[in-house]
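What follows is one structure encoded as structure tokens, with my remarks underneath.
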Amino acid sequence: MPKIKEHLFVTEMEGSGDSLKYIVDEKSLLLDLKVLIKEYYAVTFSENEDGLQLAFGNGQKFSISIKEIKP
């Protein structure tokens, strides 16, 4: 994943009338989660093609990946 300096919480609206749908892609959702995690944890992030890697100061490491499940 290329590094993005700024990310806005933006969704695209699709449809008309009463049937509005909010569309978000996997990358945007992952970046939104990164912003939220930073609010609650002191963690170092790194990004790769599989998703986000999180490393805590105590040595714990985690990997977060997002995959859309389509019907």
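The numbers here are math on the coordinates, done by the rules we state, and not lab data. Note that the coordinates shown come from a computational prediction; the quantities given were computed from them, not determined experimentally. Cβ coordinates were reconstructed from backbone atoms using ideal geometry, including for glycine residues, and neighbour counts include every protein chain displayed.
Highest average first, the peptides 24-33, 44-53, 59-68 ordered by how many other beta carbon atoms sit within 10 Å of their residues are 24-33, 44-53, 59-68. For the stretch 22-30, backbone phi angles converted through the Karplus equation (6.51, -1.76, 1.60; θ = phi - 60°) give residue-by-residue couplings of 9, 10, 10, 9, 4, 5, 5, 5, 5 Hz, Gly and Pro being listed as x.
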